Amino acid sequence: MERILYANKTCCALSEDGRLVEFIPEREEDRTGQILEGRVDRIMPGLGAAFVKIGRKRDGFLPIKENSSSFQGGEIHSGDRILVQIRREETGQKGAYLSRDLSIAGSRMILMPMNRHIGVSARITDPVRREELLDTGRRLSGGDTGLVMREASLGAAREVLQEELTQLKERWDAIRQGELPPASAEEELIRDYAVRGITRIVREEELPADLVRQKKEAENRRIRLPHGGNIVIDRCEAMTVIDVNSASDSGEGNRRETALRTNLEACREIMIQTRLRNLGGILIIDLIDMEAEEDRIRVQEALATAFREDRIKTVIHGYTRLGLMEMTRKRSRASWQEQ
């Protein structure tokens with residue numbers, strides 16, 4: 001696969017075999033993942049949350065209890081100055097979603113200085129490899145910090161992993177002293193695609209015309225598929241709904257063949273549009289009905305295979321009782337369509 005990163009002062013874009021799959025504007029106000037000091041403005045016990053002033057138009061929303069049982073932070077009180085991390089930028093009327101369970105990502109591992117949990121990327125499914133990486137993580141951590149071993153850590157020498165851990169700890173020291181700015185979009189993409197590889201980096205003032213056209217098309221609600229079918233993407237407050245239609249694809253074979261072909265084409269296009277639009281949260285896909293169980297399995301496997309190229313954590317949950325495909329994708333920075 002030819003993967004090209006385009007970077008300039010206004011944006012970063014990533015293409016795979018000529019298809020635009022990521023577009024990130026370089027915006028000062030979009031700092032998902034940034035660790036900063038905030039002041040607790042008020043505690044809301046009924047919500048189980050606090051509102052924290054972080055120098056933005058709206059106060060950030062901070063859950064009082066973190067998800068991890070091994071989180072090392074203590075109680076917070078109104079007026080406290082605390083380090084928080086932006087998990088999701090503010091959108092609409094909602095302030096930024098914050099966390100005290102900080103994480104600092106490297107190419108091969110993620111350091112969690114306020115935690116003691118040792119984990120392995122969900123992308124690694126082989127139980128033997130998972131256990132090996134868990135053991136490696138425990139040895140590297142020495143019980144002093146939390147670590148998540150990323151897919152890129154597979155096969156890496158112990159010395160290489162130790163060197164990266166040392167660099168991450170140095171970054172943590174710099175953050176505590178207020179000396180480290182948040183990663184740029186270019187740095188973020190280079191880091192997250194290290195394991196998959198980037199063919200080349202192009203630094204020009206303007207994106208190629210074809211990529212500009214593809215970005216423009218991604219502003220549309222309806223996206224055409226190769227054989228005449230289409231997908232329709234509707235973003236709601238709580239989820240994104242994607243409808244797959246055969247449309248003008250009358251099919252040269254029977255209905256089963258047409259449905260299967262259109263659904264398989266939709267899987268790849270859904271992957272591209274999801275990454276390009278940075279869709280997050282719950283995604284519901286209304287595929288064309290398939291009666292054969294083998295076809296249903298094939299389409300689900302095709303969707304899972306397509307999303308293996310996604311750097312953002314995505315889980316394919318499978319078919320609901322109504323035959324809808326359900327998946328979730330981790331929310332990260334706000335989509336460029338929301339900005």
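The values are calculated or read from the model by the stated rules, or taken from the named source; none is laboratory data. As the structure is a prediction and not an experimental result, all values here were calculated from the model. Positions of Cβ are backbone-derived with ideal geometry, glycine not excepted, and every protein chain shown enters the neighbour counts. With ligands, DNA and RNA removed, areas are computed over all heavy atoms of the protein, side chains included. Shrake-Rupley method; radii C 1.70, N 1.55, O 1.52, S 1.80 Å.
Accessible surface for Ser246 stands near 40 Å², nearest 10, in the context of the full protein assembly shown (1.4 Å probe).
Given 0.36 nm per residue, what is the gain on full extension from Ala194 to Met1 after removing their alpha carbon distance, in nm?
Full-extension gain reported as 68.1 nm.
Among complete DSSP H helices in the chain, none has alpha-carbon atoms stretching at least 30 Å along the helix's long axis together with a mean Kyte-Doolittle hydropathy reaching 0.5.
Counting 0.36 nm for each residue step from Asp135 to Ala247 and taking away their Cα separation leaves a gain of 35.1 nm. Rolling a 1.4 angstrom probe over region 63-159 with all protein chains present gives an accessible area of which 45% lies on carbon and sulfur atoms. In the assembled protein chains, Glu204 presents an accessible area of approximately 100 Å² (probe radius 1.4 Å).
The order of Glu301, Glu164, Glu237, Glu26 by accessible area, most exposed first and with a 1.4 Å probe, is Glu237, Glu301, Glu26, Glu164.
So for Tyr6, Tyr97, what's the accessible-area order with a 1.4 Å probe, most first?
Solvent-accessible surface, decreasing: Tyr97, Tyr6.
Counting only Cβ charges, +1 for Lys and Arg and -1 for Asp and Glu, the dipole size of region 188-339 around its Cα centre is about 600 debye. For Ile43, neighbours were defined as the other residues whose beta-carbon sits under 14 Å from its Cβ, and their charges (Lys and Arg +1, Asp and Glu -1) total +1.
A simple spin-label model places the labels of Lys313 and Asp126 2.3 nm from each other, with each point 7 Å out along Cα-to-Cβ. For Ala49, the residues whose amide H sits under 5 Å from its own are Met44, Ile64, ignoring neighbours fewer than 5 places away on the same chain, with H placed 1.01 Å from N. For the set Lys57/Lys313; Lys9/Lys57; Lys9/Lys65; Lys65/Lys216; Lys65/Lys215, the pairs lying more than 31 angstrom apart at their alpha carbons are Lys9/Lys65; Lys65/Lys216; Lys65/Lys215. Accessible surface calculations at 1.4 Å, restricted to protein heavy atoms, place the chain at 52 Å² per residue. For the options Arg138, Arg191, Arg256, a Gaussian network treatment of the chain with springs between C-alpha atoms closer than 10 Å singles out Arg256 as fluctuating the most. Ligands, DNA and RNA excluded, the heavy atoms of Leu303 present near 10 Å² of accessible surface to a 1.4 Å solvent probe.
Note: relative contact order over region 1-152, using C-alpha pairs below 8 Å and six or more positions apart, is 16 percent.
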